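A.B. asks: Structure below; questions to follow.
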Amino acid sequence: MAKTVQVAVSNATYHFDKLYTYLVMPDQESLVRTGSLVLVPFGRSSRARMGIVLGCDEVPVNAKLKALFDVAPDTAALPPDLLRLVLFLRERTFCTYYEAVKAVIPYGALYKPALAEDGVTPVLRRQLTRHTENQYRLVGTLPQKPKPTAKQLAAVALLGGGPRLLNDLEEKGVSRDVLDRLCDKGVLACEKVNKTLDLYGDIPQKGVDVTLTPQQQAAYDALAPHLATGKAHGALLYGVTGSGKTLVFLKLIQQCLALGRKALILVPEIGLTPQMIHRLKSAFGDRVAVQHSALNHTERFLQWQMIQSGGADIVVGTRSAVFAPLRDIGLIIIDEEQEHTYRSESAPRFYAHEVARQRAAENGALLLLASATPSTESFYAASKGRYQLVTLTQRYGGNPLPTVEMVDMRAELAEGHSGDISRRMEEAIRQNLEQGKQTILLLNRRGYQTVTVCQDCGQVLKCEKCSVPMVYHKARGELLCHYCGSSIRPVPTKCPTCGGKLLYTGFGTQKAEEELAKLFPTARILRMDQDSTSTKDAHERLLAAFGRHEYDIMLGTQMVAKGLDFEDVTLVGVLGIDSLLFAQGFRSSENVFSLVTQVVGRGGRAESPGHAIIQTVAPEDPILNLAAAQDYDAFFQQEILFRKLSLYPPFCRVCMVGFSGTKEADVASAAARFAQILGQLASQREKMPLRVLGPTPCTIAKINDKYRYKLTVKCRGDRAFRDLMREVLATYEKEKLPQKASVILDMHSDGDL
Ligand code: ADP
Ligand code: ZN
């Protein structure tokens, strides 16, 4: 008898994503188990590939079997709970085993193929090797001869206050070369230190010293008992903006920990993690770990290890934190649960709620979704009793919700005022500045001018590789494609097609910043968009500065709209979201309603009441009016009716099938063939309600020189449906159609690709 293992390999196509059997060499037997990462020979040429062991067996010796090349140490093996998540992901999202592995554990915990010192034997190597970093400290004085360079002086000055890490010094403009030379001179000493584990170590612990309001207490009382039952339970905390949902979270987490269980908290975007980390660390101290994509690989891995080894009681992070290797979870919170960022847009295309539900079921935990504007699906589920509904109707401190007024930008223009900032908005901002209060302004387009048209032929200047307009970025002096990153510089003045004069229009955050500076020369303006927050920690630093009232106006894209809590903000302005009013996809109304309600809710959260102004070319838009009235209940009634009449979730599931390839005719025919296979296989099954729309070109028909088509499949989304789709995918691959167009399936998209 010999020991064998069943292995799923990396880079598998859908059709070939099966388990392959390998022989285990005697010296590997004690190392390998289900969940082990292994290196295997694959295919005719026996090239080395990564794999994961999903089963072990004893079989009669079979000479034909290939043997494992190498096995990663036991510490790298996936524990049973994470392995279950891998299988769950593969079942639910149509990804391959190994794609699921890569989603569940961070890059830094993975291994990669390499060669042993002999240069021929394939072995595994850690993906991350450097866990230490250089730390420099001052040990001598800087000689005055030869005359020290400015950089050397700067380095010595910086280190005067104590040791610093290389990274930190480099960020301040001191290069490694300079430091090493100073070490040679005996001025500095360098040591290797373990990379910092404690990301926010300087936050003092104050404990949870709040008294809940009666309404908050009632919410807590309704939820807390479910922490102790050991049975899974789902609840929706529907509380208006500023009602203190976070305070209810803190009390629940406190109770969860008191019961000896652990808590997982998801926030929708990186920008909101610092605020949550601060609140959690100040309440609960050090045993808080963080998982989000702005951490570098090492930080992320070290945090993950801390969780894995039982060193964390609380994990906070964005979407992928839902896979954190926490054991004995008692509470999972999904804050701002309606946010689209909880749906992954690359493989595996998972929905954090679905994974969270699974983990809550496995752990017997309380799953708490929270929002001022719950998703239509979640609120419907609550209204049907599938989630416990808990509500907070009052703002903390008894403040009313902000008052909202709309400015009709068409009327502004008709009255001869063509500026992008209306007179009413200008007046309100001025007044707010005079009162020493802060203003938040939302404009959901980054760049300077967002559209370039030819005055002669009327054509819009588009990216050569993508079917989207190029956006003018003034500071960079170029036109930029926001999809593929292509740029044109210098900025053209003549139409590339007809030579006519180009007209630059459209209003982006950079132009808004410039206009605000002209209108309010003494105001301190902070611009928050992808361009201004691209460097590490920028987000956090800027928000903290705004919180200290170092700025008067914060202008930004979506990222300023949600979750932020600043007491001095009394005015909120929406400079523009009109493009969203005309967006595609069945969740577009919900998105507009939620965005406007959320941003309006940023104002008047402390003593002074808030006011909001919305500029729009469609002041009659019903969704906008409901958002202005902050009337979620009316919105929900209207939206659920629309979903029912036009058959959208929660009344069915929508599975989007996307196709992309370099030749449009090929993509179209591959998509058509997929639809045909789907139709044929579905008709062989009983009770398979399906509606297939398309294929049609996607809303953005081309990205990065790839043409894009889509099929919209309305279905039940149950196991039978997934089995059907798997069969369709396998047939599609057998016919070698992926050579014409690659295919993706998304069970959670908003119906637009
Ligand atoms: P939400 O998340 O519901 O929009 P927050 O949890 O951010 O609201 O609370 C809004 C503000 O009110 C925060 O500054 C919070 O500290 C304060 N607050 C809410 N409830 C209380 C309470 N019971 N005691 C003290 N401060 C509170
Ligand atoms: Zn492009």
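The values are calculated or read from the model by the stated rules, or taken from the named source; none is laboratory data. Given the structure is predicted, the values throughout are model-derived calculations rather than measurements. Neighbour counts run over all protein chains shown; Cβ positions are idealised from the backbone, glycine included.
A.B. asks: Taking the stated definitions as given, is Arg33 touching a Cys at 6+ places or on another chain (Cβ under 7 Å) and on the phi < 0 side of the Ramachandran plot? So that I can check it myself, show each step before the final result.
C.D. replies: On the way: touching a Cys at 6+ places or on another chain (Cβ under 7 Å): yes; on the phi < 0 side of the Ramachandran plot: yes.
So Arg33 fits the description; yes.
The rows are residues; the columns are (1) farther than 21 Å from Val104 by Cβ; (2) in contact with a Pro (Cβ under 6 Å, 6 or more places away or on another chain); (3) not in a loop (DSSP other than H, G, I, E, B).
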residue: Asp27; (1), (2), (3): yes, no, yes
residue: Gly35; (1), (2), (3): no, no, no
residue: Cys56; (1), (2), (3): no, no, yes
residue: Thr75; (1), (2), (3): no, no, yes
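A.B. asks: Considering only segment 649-686, how many residues are among the acidic types (Asp, Glu) and in contact (Cβ under 8 Å) with a residue 24 or more places away in the chain?
C.D. replies: Here is the first cut: in segment 649-686, the ones among the acidic types (Asp, Glu) are 664, 666, 686.
Still in the running and in contact (Cβ under 8 Å) with a residue 24 or more places away in the chain: 664, 666.
Going through segment 649-686 one residue at a time, the tally reaches 2.
A.B. asks: Find the strands (runs of 3 or more DSSP E) located wholly in segment 378-496 whose residues include 1 or more that are within 16 Å of ligand 1 (Cβ to nearest atom), and list them. If you could, list the steps in order and put the result at the bottom.
C.D. replies: Working: elements: 388-392, 403-408, 438-443, 451-454, 471-473, 478-480.
Output list reads 388-392, 438-443.
A.B. asks: Of a type in the set (D, E, K, R), assigned to a strand (DSSP E or B) and more than 16 Å from ligand 2 (Cβ to nearest atom): does that describe Arg527? It would help to see each step written out before you state the result.
C.D. replies: Details: of a type in the set (D, E, K, R): yes; assigned to a strand (DSSP E or B): yes; more than 16 Å from ligand 2 (Cβ to nearest atom): yes.
Yes, satisfied.
A.B. asks: May I pose another question? So in segment 606-624, with the set limited to residues that are part of a helix (DSSP H, G or I) and out of contact with any strand residue (DSSP E or B) (no Cβ under 8 Å at 6 or more places or on another chain), which one is nearest to Leu571 (Cα to Cα)?
C.D. replies: Taking segment 606-624 as the starting set, the residues that turn out to be part of a helix (DSSP H, G or I) are 622-624.
Adding the requirement that they be out of contact with any strand residue (DSSP E or B) (no Cβ under 8 Å at 6 or more places or on another chain) leaves 622-623.
Working: Pro622: 23, Ile623: 21 Å.
So the residue we want is Ile623.
A.B. asks: Residues that are crowded, with 16+ Cβ neighbours inside 10 Å, more than 16 Å from Leu516 (Cβ to Cβ) and of a type outside the set (Phe, Trp, Tyr): does segment 415-434 have at least one?
C.D. replies: For segment 415-434, residues crowded, with 16+ Cβ neighbours inside 10 Å, more than 16 Å from Leu516 (Cβ to Cβ) and of a type outside the set (Phe, Trp, Tyr): absent.
A.B. asks: Pairs, please: C-beta under 7 Å, at least 6 apart or cross-chain, first residue within 15 Å of Ala512 (Cβ to Cβ) and among the charged types (D, E, K, R) and in segment 537-565, second part of a helix (DSSP H, G or I) and modelled with pLDDT of 85 or more?
C.D. replies: Asp552/Leu433
Residue by residue, here is whether (1) of a type outside the set (S, T, N, Q); (2) over 27 Å from Pro697 (Cβ atoms) holds:
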residue: Lys462; (1), (2): yes, no
residue: Lys465; (1), (2): yes, no
residue: Ser486; (1), (2): no, no
residue: Val491; (1), (2): yes, yes
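A.B. asks: Specify which of the listed residues (Gly563, Gly603) is within 30 Å of Glu299 (Cα to Cα), assigned to a loop (DSSP other than H, G, I, E, B) and within 15 Å of ligand 1 (Cβ to nearest atom). Walk me through how you get there before you give the answer.
C.D. replies: Details: Gly603 fails: within 30 Å of Glu299 (Cα to Cα).
Going through Gly563, Gly603 in turn, the sole match is Gly563.
A.B. asks: Quick check on my filter: what residues within segment 443-478 are surrounded by 16 or more Cβ atoms within 10 Å (Cβ to Cβ), hydrophobic (A, V, I, L, M, F, W, C) and in contact (Cβ under 8 Å) with a residue 40 or more places away in the chain?
C.D. replies: Listed by number, the residues that qualify are Leu443, Val451, Val453, Cys454, Leu461, Cys466, Val468.
A.B. asks: While we're on this one: Consider Ser346 carefully, then state whether it is within 30 Å of Thr535 (Cα to Cα), hydroxyl-bearing (Ser, Thr, Tyr), away from ligand 2 (no atom under 16 Å from the Cβ) and surrounded by 20 or more Cβ atoms within 10 Å (Cβ to Cβ).
C.D. replies: Working: within 30 Å of Thr535 (Cα to Cα): yes; hydroxyl-bearing (Ser, Thr, Tyr): yes; away from ligand 2 (no atom under 16 Å from the Cβ): yes; surrounded by 20 or more Cβ atoms within 10 Å (Cβ to Cβ): no.
Answer is no for this residue.
A.B. asks: Which condition from (1) surrounded by 23 or more Cβ atoms within 10 Å (Cβ to Cβ); (2) in a helix (DSSP H, G or I) is the one that Leu555 breaks?
C.D. replies: (2)
A.B. asks: Would segment 420-431 turn up any residue that is without any contact (Cβ under 8 Å) to a residue 12 or more places away in the chain, among the small types (Gly, Ala, Ser) and more than 22 Å from Phe546 (Cβ to Cβ)?
C.D. replies: Taking every residue of segment 420-431 in turn, none turns out to be without any contact (Cβ under 8 Å) to a residue 12 or more places away in the chain, among the small types (Gly, Ala, Ser) and more than 22 Å from Phe546 (Cβ to Cβ).
A.B. asks: Output the number of the condition that Val569 fails; it satisfies all remaining conditions of (1) of a type in the set (Val, Ile, Thr); (2) within 24 Å of Asp335 (Cβ to Cβ); (3) within 24 Å of the chain's Cα centre (by Cα).
C.D. replies: Unmet condition: (3).
A.B. asks: Within the group Ala372, Ala365, which residue is buried (at least 18 other Cβ atoms within 10 Å of the Cβ), over 16 Å from His233 (Cβ atoms) and of a type in the set (A, V, I, L, M, F, W, C)? So that I can check it myself, show each step before the final result.
C.D. replies: Values: Ala365 fails: over 16 Å from His233 (Cβ atoms).
Matching residue, one of Ala372, Ala365: Ala372.
A.B. asks: Return yes or no: is Ala517 in contact (Cβ under 8 Å) with a residue 60 or more places away in the chain, more than 16 Å from ligand 1 (Cβ to nearest atom) and under 35 Å from the mean Cα position of the chain (by Cα)?
C.D. replies: Details: in contact (Cβ under 8 Å) with a residue 60 or more places away in the chain: no; more than 16 Å from ligand 1 (Cβ to nearest atom): yes; under 35 Å from the mean Cα position of the chain (by Cα): yes.
Answer is no for this residue.
A.B. asks: So Thr298 ticks every box in (1) among the β-branched types (Val, Ile, Thr); (2) more than 16 Å from ligand 1 (Cβ to nearest atom); (3) at pLDDT 95 or above; (4) assigned to a helix (DSSP H, G or I) but one. Which box is left unticked?
C.D. replies: Against the list (1) among the β-branched types (Val, Ile, Thr); (2) more than 16 Å from ligand 1 (Cβ to nearest atom); (3) at pLDDT 95 or above; (4) assigned to a helix (DSSP H, G or I), Thr298 comes up short only on (3).
A.B. asks: Of the conditions (1) under 22 Å from Gly271 (Cβ atoms); (2) touching a residue at least 40 places away in the same chain (Cβ under 8 Å); (3) surrounded by 20 or more Cβ atoms within 10 Å (Cβ to Cβ), Ile623 satisfies every one except a single condition; which number is it?
C.D. replies: (1)
A.B. asks: Would you pick out the residues in segment 1-50 that are small (Gly, Ala, Ser) and farther than 22 Å from Thr75 by Cβ? Can you show your working first?
C.D. replies: First, pick out the residues of segment 1-50 that are small (Gly, Ala, Ser): 2, 8, 10, 12, 30, 35-36, 43, 45-46, 48.
Selection gives Ala2, Ala12, Gly43, Ser45, Ser46.
A.B. asks: Checking the condition at pLDDT 85 or above and either farther than 30 Å from Asp70 by Cα or not basic (Lys, Arg) (or both), which residue from Leu128, Leu197, Leu115 passes?
C.D. replies: Details: Leu128 fails: at pLDDT 85 or above; Leu197 fails: at pLDDT 85 or above.
Within the list Leu128, Leu197, Leu115, the selection yields Leu115.
A.B. asks: Within segment 481-493, take every residue that is near ligand 2 (Cβ under 10 Å from one of its atoms), more than 15 Å from Asp529 (Cα to Cα) and not small (Gly, Ala, Ser) and give me the one that is surrounded by the fewest Cβ atoms within 10 Å (Cβ to Cβ).
C.D. replies: Of all residues in segment 481-493, those near ligand 2 (Cβ under 10 Å from one of its atoms) come to 481-487.
Subsequent filtering for residues that are more than 15 Å from Asp529 (Cα to Cα) retains 481, 483-487.
Then keep just the ones that are not small (Gly, Ala, Ser); that gives 481, 483-484.
Values: Cys481: 20, Tyr483: 15, Cys484: 17.
This residue is Tyr483.
A.B. asks: So, in segment 627-648, of the ones that are closer than 20 Å to Gly239 by Cα, at pLDDT 95 or above and of a type in the set (A, V, I, L, M), which residue ends up farthest from the chain's Cα centre (by Cα)?
C.D. replies: Ranking the qualifying residues of segment 627-648, first place goes to Ala634.
A.B. asks: Among the residues of segment 537-552, what is the count of those that are assigned to a loop (DSSP other than H, G, I, E, B) and not charged (D, E, K, R)? Show your work before the answer.
C.D. replies: Narrowing segment 537-552 to residues assigned to a loop (DSSP other than H, G, I, E, B): 537, 548-552.
Filter once more, so that each one left must be not charged (D, E, K, R): 549, 551.
Matching residues across segment 537-552 total 2.
A.B. asks: Which residue pairs have Cβ atoms closer than 6 Å, lie 6 or more positions apart in sequence or on different chains, and pair a first residue in segment 396-407 that is among the β-branched types (Val, Ile, Thr) with a second residue that is assigned to a loop (DSSP other than H, G, I, E, B)?
C.D. replies: So the pair list comes out as Val407/Ser422.
A.B. asks: Within segment 580-600, is there a residue that is in a strand (DSSP E or B) and either under 21 Å from Lys437 (Cα atoms) or of a type in the set (Val, Ile, Thr) (or both)? Steps first, please.
C.D. replies: The initial filter retains those residues of segment 580-600 that are in a strand (DSSP E or B), namely none.
No, there is no match, as no residue in segment 580-600 is in a strand (DSSP E or B) and either under 21 Å from Lys437 (Cα atoms) or of a type in the set (Val, Ile, Thr) (or both).
A.B. asks: Can I ask one more? Does segment 315-336 contain any residue that is free of Cβ contacts under 8 Å to residues at least 60 places away in the same chain and surrounded by fewer than 19 Cβ atoms within 10 Å (Cβ to Cβ)? I'd like the intermediate steps shown before the answer.
C.D. replies: At the first step, the residues of segment 315-336 found to be free of Cβ contacts under 8 Å to residues at least 60 places away in the same chain are 315-319, 321-322.
Okay, now just the ones that are also surrounded by fewer than 19 Cβ atoms within 10 Å (Cβ to Cβ), so none.
Taking every residue of segment 315-336 in turn, none turns out to be free of Cβ contacts under 8 Å to residues at least 60 places away in the same chain and surrounded by fewer than 19 Cβ atoms within 10 Å (Cβ to Cβ).
A.B. asks: Can you tell me which of Leu89, Leu82, Leu65 is closer than 30 Å to Gly317 by Cα, outside any strand (DSSP E or B) and modelled with pLDDT under 95?
C.D. replies: Values: Leu89 fails: modelled with pLDDT under 95; Leu65 fails: closer than 30 Å to Gly317 by Cα.
Being closer than 30 Å to Gly317 by Cα, outside any strand (DSSP E or B) and modelled with pLDDT under 95 holds for just one of Leu89, Leu82, Leu65, which is Leu82.
So that you can scan it fast, the table gives a plain yes or no per residue for (1) within 30 Å of Cys466 (Cβ to Cβ); (2) of a type in the set (Asp, Glu); (3) surrounded by fewer than 17 Cβ atoms within 10 Å (Cβ to Cβ):
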residue	(1), (2), (3)
Ala682	no, no, no
Arg685	no, no, yes
Lys702	yes, no, no
Phe721	no, no, no
Leu724	no, no, no
Gln739	yes, no, yes
